[in-house]
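Trainee: This is the structure I want to talk about, given as structure tokens.
The values are calculated or read from the model by the stated rules, or taken from the named source; none is laboratory data. Keep in mind that what you see is a predicted model, and the values were worked out from it rather than measured. Virtual Cβ from ideal backbone geometry, glycine too; neighbours counted across all protein chains shown. Areas reflect the complete protein model, heavy atoms only, side chains present, ligands, DNA and RNA absent. Shrake-Rupley method; radii C 1.70, N 1.55, O 1.52, S 1.80 Å.
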Amino acid sequence: MNALRPKPNSRGRVVFVGAGPGAADLVTVRGARVIAEADIVIWASSLVHPGIVAGARPDALVIDSASASLEDLEPVLVRARDEGLLVARVHTGDPSIYGATAEQRDQCDRLGLAYDTVPGISAYSATAARCDVEITVPEVSQSFVLTRLEGGRTPMPDRETVAGFAAHGATMAIYLSAARHRQLQQALLDGGYPPGTPCLVGYRVTWEDELILRCELAELSATMRERKLWKHTIVMVGPALAPGPIAARSHLYHPGFRHEFRQAEPGAQAQLRSQGAVGIASNTGTDEP
């Protein structure tokens with residue numbers, strides 16, 4: 001290993017950095033700074049765009065963890081602890097979502113390493129942005145479910161099923177389930193989404209070979225099978241994802257809605273009241289949209 005510069009009076013630190021969905025310029029400013037300052041950068045080439053770690057110091061130790069287990073990386077963390085080094089542990093998307101970071105924090109606790117986390121843009125928000133859609137549309141969907149299809153290699157809690165979540169009719173993002181697209185489609189239908197519910201299918205969103213498809217739920221499995229989308233794919237489903245004008249606008253920028261920074265226009269306020277809006281006159285400190 002390289003002879004990295006020791007930091008006396010320090011026990012080392014690990015920073016879990018969200019790399020974002022792919023494109024190198026979608027990592028946060030803070031995340032890029034941590035990578036640039038780190039003595040050791042650990043990243044998985046199977047998931048993270050190489051441009052994300054291109055800004056590492058020339059003398060930094062850069063480790064590709066694509067084929068490594070948690071135990072394989074422990075000697076590196078022990079060294080960081082003993083020599084007082086900064087480790088950038090780079091994760092695709094946001095480290096808090098299917099990032100296996102909880103077990104890594106347990107490892108750091110056991111080794112006596114401090115740690116913190118820099119959030120990142122997840123595939124669901126990148127997909128919504130690339131398609132210019134809003135996940136939460138007034139009077140259509142005000143909730144968002146992020147999940148994966150049950151029955152895979154990672155056990156799911158008994159009460160967490162795609163069909164169960166689908167019953168709410170909210171916007172849903174499904175990760176790590178592309179290989180079982182037929183089962184996924186059926187679970188979404190069984191849960192109550194109509195066959196015509198709009199879906200977005202995002203493959204390697206914001207990478208150079210990005211592919212984003214729109215289809216109805218009834219066509220989801222066939223669409224994914226035709227394009228051979230088995231991995232690196234996110235599925236989003238819900239009525240809020242439909243293209244075209246929205247049925248109802250939010251109160252946030254409505255001239256009839258009063259809050260602590262803006263007075264309501266009387267005519268517009270009367271219009272809101274006629275539509276059954278609640279709290280438009282007395283709610284002076286809200287961020288209610």
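Trainee: Quickly run through the range 151-164 and pick out the residues that are open to solvent by less than 50 Å² (accessible area, probe 1.4 Å) and touching a Ser or Thr at 6+ places or on another chain (Cβ under 9 Å).
Mentor: Of everything in the range 151-164, those that are open to solvent by less than 50 Å² (accessible area, probe 1.4 Å) and touching a Ser or Thr at 6+ places or on another chain (Cβ under 9 Å) turn out to be Gly152, Met156, Thr161, Val162.
Trainee: Tell me which residues, restricted to the range 35-54, are open to solvent by 20 Å² or more (accessible area, probe 1.4 Å) and not charged (D, E, K, R).
Mentor: Residues of the range 35-54 open to solvent by 20 Å² or more (accessible area, probe 1.4 Å): 36-37, 43, 45-47, 49-51, 54.
Result: Ala36, Trp43, Ser45, Ser46, Leu47, His49, Pro50, Gly51, Ala54.
Trainee: With the requirement that a residue be more than 19 Å from the chain's Cα centre (by Cα), open to solvent by less than 40 Å² (accessible area, probe 1.4 Å) and under 29 Å from Leu26 (Cα atoms), what does the range 166-215 give you?
Mentor: Of everything in the range 166-215, those that are more than 19 Å from the chain's Cα centre (by Cα), open to solvent by less than 40 Å² (accessible area, probe 1.4 Å) and under 29 Å from Leu26 (Cα atoms) turn out to be His181, Pro198, Cys215.
Trainee: Would you confirm whether or not the range 7-23 contains a residue that is within 29 Å of Ser125 (Cβ to Cβ) and among the polar types (S, T, N, Q)?
Mentor: Checking the range 7-23: not a single residue is within 29 Å of Ser125 (Cβ to Cβ) and among the polar types (S, T, N, Q).
Trainee: Is there a residue being under 19 Å from Val76 (Cβ atoms) and open to solvent by 30 Å² or more (accessible area, probe 1.4 Å) anywhere in the range 12-33?
Mentor: Yes, because at least one residue in the range 12-33 is under 19 Å from Val76 (Cβ atoms) and open to solvent by 30 Å² or more (accessible area, probe 1.4 Å).
Trainee: Based on what the data block shows, is Ile135 part of a loop (DSSP other than H, G, I, E, B), in contact (Cβ under 8 Å) with a residue 24 or more places away in the chain and closer than 12 Å to Val237 by Cα?
Mentor: When the stated conditions are applied, Ile135 passes them.
Trainee: Moving on to the next point. Tell me, which residue of the range 69-102 that is open to solvent by 40 Å² or more (accessible area, probe 1.4 Å) and among the small types (Gly, Ala, Ser) is farthest from Ser122 (Cα to Cα)?
Mentor: Top of the filtered list is Ser69.
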